[in-house]
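The values are calculated or read from the model by the stated rules, or taken from the named source; none is laboratory data. Note that the coordinates shown come from a computational prediction; the quantities given were computed from them, not determined experimentally. All Cβ positions, glycine included, derive from the backbone under ideal geometry; neighbour counts span all protein chains shown.
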Amino acid sequence: MSQTIPVSLGSRSYVVEVGEGLLSSTDLSALVPGRHALIVTDENVAPLYLAGVQAALSGKTVQTVVLPAGEQEKTLERFAQLMQALAGLGASRDVTVIALGGGVIGDLAGFAAACWMRGVRFVQMPTTLLAMVDSSVGGKTAVDLPGGKNLVGAFHQPAAVIADISTLSTLPERELRAGLAEVLKYGAIGDPGFFAWLEAHADDLLAREPFALETAIAISCRHKAGVVARDETEQGERMLLNFGHTFGHAIETEQAYGGLLHGEAVALGMLLAARLSAQLGRAPMADAQRLQALLERFGLPTTLPLGLSAKALLERMRLDKKAVSGRLRLILWRELGHAEVVADIPEAAIEAVFS
Ligand code: NAD
Ligand code: GLY
């Protein structure tokens, strides 16, 4: 069984396919209408899933780039390597770039596709839970700089997303848990019923029960597809998807992308945002406690790693993409399931919530 979720963007509309065994049951060569394809993947994913994708494209001229794994590789240098690979392939405008892996690979390969000859076709084959529910959908592509996360990038929508949930069987436990942070985000910002469903099915999800995983992924993708269709370039509503991210990105950057995983940093960031909302008198503290309880059940961090200074984190937050003319804007909530954009928050209150 699989589910098809449309992302409606006029002539750039596409579908997200979610189901078991999709990498073998889908006609992958139909996703590559031209002669050339560049497959981008990483060293953990390649031994598991690359051969199948390459075999399905055997009639095409295919080059593969296997990168080292991890956030520290989402760099301008790796982006340049992909540009060179496309040049080496002799790729013309009808090339298809395929991202086979997690969000790091998706963001990098997507940015390469956005830039090669000013934009070529791009297909997402996400293999982490986080990539299936968030990064593969919606067309945000980017690389990090030492000074800030995702600061260089482009909006460039994929032509298709194939989320084969069978690939989650090999995902390390910590990565599964990190993905659950972005799943519960959809409940936290706008769907209290989904949040309650996650509370009820936490054990099934941690046990990777296929029905629970497919349900959670499909609901998450529907939420994301709806927001992206209404606000593709983040002029308003899409900012809400950044709940916890301004805090989380500051933590990731301060740890030089080698500490908490992205999903873990977002988990902690959501809790900080919920606590800040309560401390500013905007939301009940009981809702922050309920969020904390589900994060703990998912084995996600709820305390700041040692050695991070509140002042340094606040400084990092100033480079957030939601800031306007130096004024920080954060996503807070009024209650669980009701997020909002808030400006002019006293900096002392933000520093205090880190302590
Ligand atoms: P990731 O890409 O680093 O993957 C996590 C780890 O799992 C890696 O070590 C990878 O090699 C391994 N892996 C992947 N699939 C596997 C599988 N099936 N079996 C075994 N191992 C597997 O990290 P991620 O959590 O997928 O993505 C995080 C990135 O996504 C961050 O850079 C973040 O900024 C980005 N992101 C982007 C968006 C967006 O809208 N573009 C949204 C959310 C997050
Ligand atoms: N992950 C946030 C967004 O896609 O907007």
Check on Leu176, surrounded by 20 or more Cβ atoms within 10 Å (Cβ to Cβ) and more than 13 Å from ligand 1 (Cβ to nearest atom): no
How many residues does segment 49-96 contain that are closer than 21 Å to Ala142 by Cα and among the β-branched types (Val, Ile, Thr)? 6
Go through segment 123-142 and give me each residue that's more than 6 Å from ligand 1 (Cβ to nearest atom) and part of a strand (DSSP E or B). Val123, Gln124, Met125, Pro126, Thr141, Ala142
Exactly one of these conditions fails for Ala91: (1) in contact with a Leu (Cβ under 7 Å, 6 or more places away or on another chain); (2) closer than 22 Å to Thr167 by Cβ; (3) touching a residue at least 40 places away in the same chain (Cβ under 8 Å). Give me its number. (2)
Filter result for Gly59 (at negative phi and of a type outside the set (Asp, Glu)): yes
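Residues that are farther than 20 Å from Gly70 by Cβ and within 15 Å of ligand 2 (Cβ to nearest atom): list the helices (runs of 4 or more DSSP H) wholly contained in segment 159-262 that include at least 1 such residues.
173-190, 210-230, 245-254
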Contact list, first residue from segment 342-355 and under 15 Å from Ala312 (Cβ atoms), second anywhere and at pLDDT below 90, beta-carbon distance below 9 Å, six or more apart or interchain, is Glu347/Leu328; Ile350/Leu328
Within segment 179-188, track down each residue that is of a type in the set (Val, Ile, Thr) and either near ligand 1 (Cβ under 9 Å from one of its atoms) or surrounded by fewer than 24 Cβ atoms within 10 Å (Cβ to Cβ) (or both). none
What's the number of the condition Leu276 fails, among (1) of a type in the set (A, V, I, L, M, F, W, C); (2) touching a residue at least 60 places away in the same chain (Cβ under 8 Å); (3) within 16 Å of ligand 2 (Cβ to nearest atom)? (3)
Of these, Ala114, Ala80, which one is over 13 Å from the mean Cα position of the chain (by Cα), free of Cβ contacts under 8 Å to residues at least 12 places away in the same chain and part of a helix (DSSP H, G or I)? Ala80
Could you look through segment 36-87, keep only residues that are of a type in the set (Asp, Glu) and within 25 Å of Leu171 (Cβ to Cβ), and pick out the one that is surrounded by the fewest Cβ atoms within 10 Å (Cβ to Cβ)? Glu43
Got a number for residues in segment 309-355 being part of a helix (DSSP H, G or I), of a type outside the set (A, V, I, L, M, F, W, C), in contact with a helix residue (DSSP H, G or I) (Cβ under 6 Å, 6 or more places away or on another chain) and closer than 14 Å to His249 by Cα? 1
Taking into account only those residues within segment 36-77 that are of a type in the set (S, T, N, Q) and in a helix (DSSP H, G or I), which is nearest to the chain's Cα centre (by Cα)? Gln72
